[in-house]
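Laboratory data are not the source of any read-out in this text; all were calculated from the coordinates shown. What you see is a predicted model, and the numbers here were worked out from it, not measured in a lab. With ideal geometry, Cβ positions are generated from the backbone for all residues, glycine too; neighbour counts draw on all protein chains shown.
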Amino acid sequence: MFTIFGAPHRKGGYCDGVSRRDFMTIGGTLLGGGLALPNLLAAEAGNGIKSSHKAVINVFLPGGPPHMDMWDLKPDAPADIRGEFKPIATNVPGIQICEHFPRIAKMFDKFAAIRSLVGSDGGHDAYQCMTGRRNKPATRHYWPAMGSWVSKLLGPVNTALPPNLSLMYRTGEARWGYTGDGGFLGPAHAPFRLSGGKESDKNETMVLKGITLDKLQDRLTLSKTFDTMNRAVDQQGVFNGIDAYTQQAFGILTSSKMVDALDLSKENPKILERYGVNDPAFVRDGSPRMVRNFCVARRLVEAGARVVTMNFSRWDWHGSDGKNFVEGRKDMPLLDQGVSALVTDLHERGLDKDVSVVVWGEFGRTPRVNKEAGRDHWPQLSCALMAGGGMKTGQTIGETDRHADHATKRPVSFEEVFATLYTNIGLSLNDTRVFDQNGRPQYLVDSDVQAIRELV
C-alpha cells in the first residue's frame, strides 16, 4: 500500500498530530516496494449512484472455462460428452444454462450468452481477452489492450483515477495475469495495476516521507522545471509516459476517490453480502477467488474508471490438475454469485446502459471427458457471457453441433466482441484511428470487423 501524510495539526487530529483528512492510504490490495510513486507506475507499465460515463468491466477466467458445462449444455449427448451437470431453465423461455448458475438463470433477461466464440489462439494466455488480437510473438507488445485504446482516445473521467485499471492478480502461470499494455500507444496508457501476487501481503507501506500535501504541489512544480530536454530524441513516448505517471500519482494522492472505491467498508453491508465472501488463497498457478472484486470493479467505475479488468480463480481442469466437475462445483457457484450481484447492482444504480460486462476465457474445453474426469484444451470453440452496455440481452448468440464441438450457426470472433465493447463505450470503429511510431494508421479492429449485430 502507499500512504501520504499531511502536516501535523494541533486540533481535530489524532493523538499523533496527523489530521484525518490530510492523509490517505491505498491498501489491502496491492502495491508495495520502495519506489517513488511515479517511478512505480512507470515500472509497472514497463513490465508488462449514477455514472455519466461509459465503461467496461472485463472478467477473465484463467485456464479456459468449459463452454458445454456453462452456457451450452447438451443433455441428449452421450454421458462422456454431456458430463455430470444438468441444465436448468432461465427466466427467458427456451433458454437453459448450467444448474450451478441459478442466480444468473433467474435474471437471464439481463444477459446474453455467446455460444459460438471462435478463433482462439489455443494458448494459456489472457492476450486475446485483453486485446482482441491473435498472439503473435512479433506483435505481442505492439497491439494496445482495450483499456489502453480507451485511455488514449477518451482520457480520464477525472484526475483521481486513471481510466485504465487492472485488478488482475499476478499468477504462477504469468500469462494468466497479463493485463495487456500500451502497445504502440505508449506506456502512459498501460493499465494501472491494483492487484499484486502471492507475496504482495508482505510488502511494507510505502510512505512518501517528508512530503506533505501542502508541499506536494510545490514539488510537482519543481519537477516541471527540469523538463527542458529535447523530447524529439524520444521515439518511444517514454517522456510523455513519465509525465502521465506523475499526473496519475498526483491525482491519486490528492483525492480520496481511489481510496474510497477500494475500501469495501464504505459499501452498504447488505449490498456487499450479495457478493459472498472472498477466498484470498491463490488457486495453484491461477488467481484467488476474490468474489468481492466484482464489487470493487463496480465501485472503481463509479469513481471514474473507464475500463476495469480482473481475473478470477483457475479454470484449467484437465483431470490431474483438477477434475472438471469437482472444480466446477467449487467455482461456478462463486462466479454465479459475483456476476449476478454485479449486474444486479448495475441495474439498480441505473448503470446498465453505461457499463458493459464481459466474462470469458482464452478457449473452451473438449466435448469428450477424458479418462481423468477432466476436459482438455479446445480452441475450436469457446464462450462468453455479456451484460449491460445498453445491449439487447435475454438471448443466446450462435449455435453448436450436438456435441458442442464446432459452431454451426453465427460464429463470433474475439474481435467482434471487442468491436461491440468499443461501440458501447462510444468509439467509432470506422472513424477512429491512431498513427503508430512509423506513421502507419491503426484502427480499433480490422476493417472487416463489426459489432455483434444481435447485441447493438
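Here are the numbers for this structure:
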{"quantity": "Residues K266, K198, K54, K257, sorted so that the one with the fewest Cβ neighbours within 10 Å comes first", "calculated": "K266, K198, K257, K54"}
{"quantity": "Q450 paired with I88, simple spin-label distance in nm, labels 7 Å along Cα-to-beta-carbon", "calculated": "3.8 nm"}
{"quantity": "Theoretical gain in end-to-end length, D243 to Q437 [0.36 nm per residue, Cα-Cα removed]", "calculated": "68.0 nm"}
{"quantity": "Estimated inter-spin distance, K409 and R329, nm [label 7 Å along Cα→Cβ]", "calculated": "3.4 nm"}
{"quantity": "Spin-label pair D121/K266, simplified geometry with 7 Å Cα→Cβ offset, distance in nm", "calculated": "3.7 nm"}
{"quantity": "Burial ranking of peptide ranges 279-292, 334-347 (average Cβ count within 10 Å, highest at the top)", "calculated": "334-347, 279-292"}
{"quantity": "Taking R140, R453, R299 and counting other C-beta atoms within 10 Å, the order from fewest to most", "calculated": "R453, R140, R299"}
{"quantity": "When each of K74/K323; K106/K392; K136/K198; K86/K110; K198/K270; K330/K392 is checked by Cα-Cα distance, pairs over 24 Å", "calculated": "K136/K198; K198/K270; K330/K392"}
{"quantity": "D279-E399 FRET efficiency (beta carbon distance; Förster radius 30 Å; 0.05 resolution)", "calculated": "0.25"}
